[in-house]
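Peer 1: The structure that follows is given in the form of structure tokens.
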Amino acid sequence: MKKMIIPFIVGLLCLTSCEQILTQIGEPPVLGEVIFDRVTADSIVCHVEVTGGDVTDCGIYYDTSKRGVTNSTSKKVEGVYDNGIIQCELAGLAANKKYYIKVYGMNEAGLSETEVVEKTTLSRTPEADDNKYPETQP
């Protein structure tokens, strides 16, 4: 009988402790859709609204291949989190090239990622070379 009671009590203690830990950690961030703020011939600036938990680390994974956009094989750029918004800027990109992008945000409760989206940089033009030419296409 003692052999059954002790594991039962230990199991109850573990469940209670685990529940308290999960309550203290909170929830992982919830990310909205990727919104493109500016696209030029060599850069892309985007942002994502965050609800739920705060963000302690964020950024963007990108590649020229959709299959290449993974956490381990794609290029990564750190983002900035401020007031519920993750903002990321990709610079030094090739003109008139399609890029696949996935934004991530994480905290002590977990990692959240957006769906992979695609965006093509603008062709080289005098306006685009000024890096001030905003995207006018949908």
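The values are calculated or read from the model by the stated rules, or taken from the named source; none is laboratory data. Worth saying up front: this structure is predicted, and the values here are computed from it rather than measured. Here the Cβ positions follow ideal geometry from the backbone for every residue, glycine too, while neighbour counts run over all protein chains shown.
Peer 1: Just to check your reading of the model, which residue among Val50, Val69 is at pLDDT below 95 and either surrounded by 15 or more Cβ atoms within 10 Å (Cβ to Cβ) or aromatic (Phe, Trp, Tyr) (or both)?
Peer 2: Criteria check complete, one pass: Val69.
Peer 1: When the residues of the range 30-46 are filtered to those that are over 13 Å from Lys119 (Cβ atoms) and in a strand (DSSP E or B), which remaining residue is nearest to the chain's Cα centre (by Cα)?
Peer 2: The selected residue is Leu31.
Peer 1: Also, I was wondering about something else. For Val80, state whether it is of a type in the set (A, V, I, L, M, F, W, C), in contact with a strand residue (DSSP E or B) (Cβ under 7 Å, 6 or more places away or on another chain) and buried (at least 16 other Cβ atoms within 10 Å of the Cβ).
Peer 2: On the way: of a type in the set (A, V, I, L, M, F, W, C): yes; in contact with a strand residue (DSSP E or B) (Cβ under 7 Å, 6 or more places away or on another chain): yes; buried (at least 16 other Cβ atoms within 10 Å of the Cβ): no.
No: the conditions fail for Val80.
Peer 1: Mind listing whichever residues of the range 86-115 are outside any strand (DSSP E or B) and either modelled with pLDDT under 95 or surrounded by fewer than 16 Cβ atoms within 10 Å (Cβ to Cβ) (or both)?
Peer 2: Listed by number, the residues that qualify are Gly92, Ala94, Ala95, Asn96, Lys97, Glu108, Ala109, Glu115.
Peer 1: Tell me which residues, restricted to the range 61-85, are in contact (Cβ under 8 Å) with a residue 24 or more places away in the chain and touching a Leu at 6+ places or on another chain (Cβ under 7 Å).
Peer 2: Matches in the range 61-85: Tyr62 only.
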